[in-house]
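Asks: Handing you a structure now.
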Amino acid sequence: MKVLIAVTHLLGSGHLSRALTLGRAFAQEGHEVVVISGGFAVPQLDSSGVDLRHLPPLRSDGTNFTRLLTDAGEVADEPYLAARSKAMVEILQEVQPDALITELFPFGRRVLRNEFLALLKAARAIPKRPLICCSIRDILAPPSRPEKVRKTDEILLEFYDAVLVHSDPNATRLEVSWPVSEALAEKLIYTGYVAPPAAGAHPDGLGSGEILVSAGGGTVGEPIFRAAIEAARKITNRRWRLLVGGSDSTARITTLMHNAPPENVTIEPTRPDFRQMLHHAAASVSMCGYNTALDLLQAGTPAVLIPFDDGQEVEQTLRARSLADLPGFEVLPSVDLTDDRLARSIEDAMRAPLRSRQAAEFDGALKTVEIIEGRLEAYV
């Protein structure tokens, strides 16, 4: 089976990370997988077994997702966007996939509507039309207007065979964040959470007793890093490790170093062994994206969650609230973020009873493969 996954991450790297996790699951079952990535390269992500193709990249202008910037920092013009769309269609025509999966669209990435619709129309036109599915996380950005729901349903009805919801319906149903019409309900398939296998212990025990501070691959985590540096002056009996992501991580680390961090603080780029380090850490400080939440649940690490809520974003806040009742999770809204509050929240998280590691419950990637295989058998 040939599988084509199309994804564009505009701010952090979570969307691409989840798409690659799905791609590796297909590859491990012997399928041929191509992932089209429309965001900036994230070299630390694992693309083993996956043919990762890059479009001319885009990123959002901070939290303004309607203003798209090129790798030169310029606003993407029509020729630039047309080149992306042309490249996507050419890859589709080359691969001739049995299954096409669009990550998030049409529930999001509406600013890229033209290129996704061009891909979908081209898929419908190739000699053997592929099974077309949408892949979405547990919680979406709720629609601001009923018109967005109507247009989403129209695209789903015209092009899509299924909507894969990477959540456990007993924990979080799509209705929490998105109105589910009767037509949409007929296409929904819950896969369970999509996460890599639990990382387990680090072979060198790195991260042991440390407070790990991470904030994805974008620039929105700067307030978290600055507060952590000051909080480290209050919790001096722990080693603090700040992991800075993004293509500009070197420059951002230099800027953070201007704050003269104390000796118990290490600042470095994000690491591929981060999930193993979580296994040993005394505490984690992070936002609350989908992948981060699953990493923390698998590792059982005490954690302070600072949900990303700029630009009227509510997804991470909803997810953090759903975790707040579990032991060892403290939620600190960004509006309340200070070094004092952060230090107290970390201490509260570390004093809480340990929660059990729940790695066995996160097999949504493999279930997605099984669902697509079964659908294709019936489809043929």
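Asks: Do we have any residue at all in the stretch 227-244 that's within 18 Å of the chain's Cα centre (by Cα) and either part of a strand (DSSP E or B) or within 29 Å of Val335 (Cβ to Cβ) (or both)? Step through it out loud before you land on a result.
Replies: Going residue by residue through the stretch 227-244, those that are within 18 Å of the chain's Cα centre (by Cα) are 243-244.
Filter once more, keeping what is either part of a strand (DSSP E or B) or within 29 Å of Val335 (Cβ to Cβ) (or both): 243-244.
Yes; the residues of the stretch 227-244 include at least one that is within 18 Å of the chain's Cα centre (by Cα) and either part of a strand (DSSP E or B) or within 29 Å of Val335 (Cβ to Cβ) (or both).
Asks: Inside the stretch 323-334, can you point out the residues that are within 10 Å of Leu305 (Cα to Cα) and open to solvent by less than 30 Å² (accessible area, probe 1.4 Å)?
Replies: If the condition is that a residue be within 10 Å of Leu305 (Cα to Cα) and open to solvent by less than 30 Å² (accessible area, probe 1.4 Å), then Leu323, Phe329, Leu332 are the ones that fit.
Asks: Any residue in the stretch 140-156 that is farther than 20 Å from Leu117 by Cβ sitting within a Cβ distance under 7 Å of a residue that is modelled with pLDDT of 90 or more and exposed (fewer than 15 other Cβ atoms within 10 Å of the Cβ)? List the pairs, counting only those 6 or more apart or interchain.
Replies: none
Asks: From the list Ala343, Ala251, Ala299, Ala320, which residue is under 22 Å from His9 (Cα atoms) and open to solvent by less than 30 Å² (accessible area, probe 1.4 Å)?
Replies: Working: Ala343 fails: under 22 Å from His9 (Cα atoms); Ala251 fails: open to solvent by less than 30 Å² (accessible area, probe 1.4 Å); Ala299 fails: under 22 Å from His9 (Cα atoms).
Going through Ala343, Ala251, Ala299, Ala320 in turn, just one is under 22 Å from His9 (Cα atoms) and open to solvent by less than 30 Å² (accessible area, probe 1.4 Å): Ala320.
Asks: Determine whether Leu140 is open to solvent by less than 20 Å² (accessible area, probe 1.4 Å), within 29 Å of Arg319 (Cβ to Cβ), in a helix (DSSP H, G or I) and of a type in the set (A, V, I, L, M). Step through it out loud before you land on a result.
Replies: Numbers: open to solvent by less than 20 Å² (accessible area, probe 1.4 Å): yes; within 29 Å of Arg319 (Cβ to Cβ): yes; in a helix (DSSP H, G or I): no; of a type in the set (A, V, I, L, M): yes.
When the stated conditions are applied, Leu140 does not pass them.
Asks: In addition: I need a count of the residues in the stretch 161-174 that are open to solvent by 30 Å² or more (accessible area, probe 1.4 Å) and free of Cβ contacts under 8 Å to residues at least 60 places away in the same chain.
Replies: In the first step, residues of the stretch 161-174 are kept if they are open to solvent by 30 Å² or more (accessible area, probe 1.4 Å); the result is 161, 168-171, 173.
After this cut, where a residue has to be free of Cβ contacts under 8 Å to residues at least 60 places away in the same chain as well, the list is 169-170, 173.
Selection size over the stretch 161-174: 3.
Asks: Out of the helices (runs of 4 or more DSSP H) lying entirely within the stretch 268-380, which hold 1 or more residues that are more than 27 Å from Ile253 (Cα to Cα)?
Replies: Numbers: elements: 274-278, 290-299, 315-323, 339-351, 364-379.
Output list reads 290-299, 315-323, 339-351, 364-379.
Asks: So, one more: Determine whether Thr219 is open to solvent by 60 Å² or more (accessible area, probe 1.4 Å) and either within 30 Å of Asp71 (Cα to Cα) or within 24 Å of the chain's Cα centre (by Cα) (or both).
Replies: Details: open to solvent by 60 Å² or more (accessible area, probe 1.4 Å): yes; either within 30 Å of Asp71 (Cα to Cα) or within 24 Å of the chain's Cα centre (by Cα) (or both): yes.
Yes, satisfied.
Asks: Looking at Arg129, Arg150, Arg124 in this structure, which one is over 27 Å from Cys288 (Cα atoms) and assigned to a loop (DSSP other than H, G, I, E, B)? Can you show your working first?
Replies: Working: Arg150 fails: assigned to a loop (DSSP other than H, G, I, E, B); Arg124 fails: assigned to a loop (DSSP other than H, G, I, E, B).
Answer to the selection: Arg129.
Asks: Okay, next question. Identify, from the list Ser177, Ser214, the residue that is out of contact with any strand residue (DSSP E or B) (no Cβ under 7 Å at 6 or more places or on another chain), buried (at least 18 other Cβ atoms within 10 Å of the Cβ), within 25 Å of Ser13 (Cβ to Cβ) and not β-branched (Val, Ile, Thr). Explain how you work it out, then say what you get.
Replies: Values: Ser214 fails: out of contact with any strand residue (DSSP E or B) (no Cβ under 7 Å at 6 or more places or on another chain).
Ser177 is the lone residue from the list that is out of contact with any strand residue (DSSP E or B) (no Cβ under 7 Å at 6 or more places or on another chain), buried (at least 18 other Cβ atoms within 10 Å of the Cβ), within 25 Å of Ser13 (Cβ to Cβ) and not β-branched (Val, Ile, Thr).
Asks: Across the stretch 15-44, which residue is farthest from Val244 (Cα to Cα) among those that are crowded, with 18+ Cβ neighbours inside 10 Å and out of contact with any strand residue (DSSP E or B) (no Cβ under 9 Å at 6 or more places or on another chain)?
Replies: Filtering first and then ranking leaves Ser17.
Asks: Can you go through Val33, Val42 and tell me which one is within 26 Å of Asp273 (Cα to Cα), under 23 Å from the mean Cα position of the chain (by Cα) and assigned to a strand (DSSP E or B)?
Replies: Details: Val42 fails: assigned to a strand (DSSP E or B).
Every option except Val33 fails the conditions.
Asks: Here are Leu337, Leu376, Leu305, Leu366: which of them is modelled with pLDDT under 90 and either of a type outside the set (Gly, Ala, Ser) or buried (at least 16 other Cβ atoms within 10 Å of the Cβ) (or both)?
Replies: On the way: Leu337 fails: modelled with pLDDT under 90; Leu305 fails: modelled with pLDDT under 90; Leu366 fails: modelled with pLDDT under 90.
Just a single option satisfies the conditions, and that option is Leu376.
Asks: Looking at the stretch 52-98, which of its residues are touching a Phe, Trp or Tyr at 6+ places or on another chain (Cβ under 9 Å), open to solvent by 30 Å² or more (accessible area, probe 1.4 Å) and of a type in the set (Val, Ile, Thr)?
Replies: Passing the criteria: only Thr63.
Asks: Further question on the same structure: What do you reckon, is Ala281 over 25 Å from Asp138 (Cα atoms), in contact with a Lys or Arg (Cβ under 9 Å, 6 or more places away or on another chain) and either open to solvent by 50 Å² or more (accessible area, probe 1.4 Å) or at pLDDT 95 or above (or both)? Before you say what the answer is, go through the steps one by one.
Replies: On the way: over 25 Å from Asp138 (Cα atoms): yes; in contact with a Lys or Arg (Cβ under 9 Å, 6 or more places away or on another chain): yes; either open to solvent by 50 Å² or more (accessible area, probe 1.4 Å) or at pLDDT 95 or above (or both): yes.
Criteria met by Ala281.
Asks: Confirm whether Pro261 is of a type outside the set (Ser, Thr, Tyr), surrounded by 14 or more Cβ atoms within 10 Å (Cβ to Cβ) and assigned to a loop (DSSP other than H, G, I, E, B). Explain how you work it out, then say what you get.
Replies: Numbers: of a type outside the set (Ser, Thr, Tyr): yes; surrounded by 14 or more Cβ atoms within 10 Å (Cβ to Cβ): yes; assigned to a loop (DSSP other than H, G, I, E, B): yes.
The answer is yes for Pro261.
The values are calculated or read from the model by the stated rules, or taken from the named source; none is laboratory data. Computed from a predicted model, the values in this text were never measured in an experiment. Positions of Cβ are backbone-derived with ideal geometry, glycine not excepted, and every protein chain shown enters the neighbour counts. Note: areas computed on protein heavy atoms with side chains; ligands, DNA, RNA excluded. Shrake-Rupley method; radii C 1.70, N 1.55, O 1.52, S 1.80 Å.
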